[in-house]
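**Q** If you scroll down you'll find the structure; I have some questions about it.
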Amino acid sequence: MNELYSVPVQGGKATMVITQPAINARYNSNGDKIIFHDYKGYEDNWRKHHTSAVTRDVWTYDLKTKKYSQHTQFNGEDRNPVFHSNGSDFYYLSEANGSFNVYKSALNNNGTPTAVTTLSKHPVRFLTAADNNTLCFNYDGEIYTMKEGEKPKKSVGVSDDVGW
């Protein structure tokens with residue numbers, strides 16, 4: 001199942017963290033919140049332009065208060081969230097503008113999400129973020145990085161000496 005468990009690094013018994021299916025779950029830098037997208041029912045991850053009762057939304061779980069908060073409500077797919085280093089914002093992928101792009105929003109649910117990318121030919125996939133908020137994602141089969149306020153940059157080829 002998609003529930004989230006924790007296992008001690010030294011080994012030992014796994015303990016359930018939350019019962020809600022938590023896909024692409026990530027802890028914030030303080031370790032007191034988890035951001036994830038939900039799982040309401042099966043839908044192919046590669047399907048585009050999907051709207052139905054099972055589309056994914058972005059949620060957080062506060063480990064101290066044991067409360068869930070829903071952060072997106074677009075009728076299509078919102079998924080793959082990552083925390084911003086400021087602790088009050090997050091990035092995620094959404095089809096709100098027609099194709100999966102990176103969006104930024106606030107955890108307090110105030111304001112409108114902002115499109116960070118506006119790529120249209122292919123969907124953006126596999127979003128990650130570094131501690132300095134540099135984003136990394138896949139677009140059209142290539143790896144891109146993007147710093148806040150800048151345009152996405154295609155990564156150069158992988159060196160042959162990395163052992164792959």
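**Q** Just the residues that are under 23 Å from Ile23 (Cα atoms), modelled with pLDDT of 90 or more and open to solvent by 40 Å² or more (accessible area, probe 1.4 Å), please, taken from segment 107-128.
**A** Asn108, Pro113, Thr114, Ala115, Val116, His122, Phe126, Thr128
**Q** Another question about this same structure. Can you tell me which residue within segment 119-140, out of those that are part of a loop (DSSP other than H, G, I, E, B) and without any contact (Cβ under 8 Å) to a residue 24 or more places away in the chain, is farthest from the chain's Cα centre (by Cα)?
**A** Lys121
**Q** Follow-up question, since we're still on this one. Please find, among Thr128, Thr145, the residue that is of a type outside the set (Asp, Glu) and closer than 24 Å to Tyr39 by Cα.
**A** Thr128 is the lone residue from the list that is of a type outside the set (Asp, Glu) and closer than 24 Å to Tyr39 by Cα.
**Q** Select from segment 96-106 the residues that are within 13 Å of the chain's Cα centre (by Cα) and either surrounded by fewer than 19 Cβ atoms within 10 Å (Cβ to Cβ) or not in a strand (DSSP E or B) (or both) and list them in ascending order.
**A** Residues satisfying the conditions are Phe100, Lys104.
**Q** Scan segment 20-63 for residues that are of a type in the set (Lys, Arg) and farther than 19 Å from Asn86 by Cβ and report the count.
**A** 4
**Q** Among the residues in segment 107-116, are any polar (S, T, N, Q), within 17 Å of the chain's Cα centre (by Cα), part of a strand (DSSP E or B) and on the phi > 0 side of the Ramachandran plot?
**A** No, because not a single residue in segment 107-116 is polar (S, T, N, Q), within 17 Å of the chain's Cα centre (by Cα), part of a strand (DSSP E or B) and on the phi > 0 side of the Ramachandran plot.
The values are calculated or read from the model by the stated rules, or taken from the named source; none is laboratory data. This is a predicted model, so every value here is computed, not measured. Counting neighbours? That spans all protein chains shown, and the Cβs are built from the backbone with ideal geometry, glycine included. Calculation scope for accessible area: heavy atoms of the full protein, side chains included, ligands and nucleic acids excluded. Shrake-Rupley method; radii C 1.70, N 1.55, O 1.52, S 1.80 Å.
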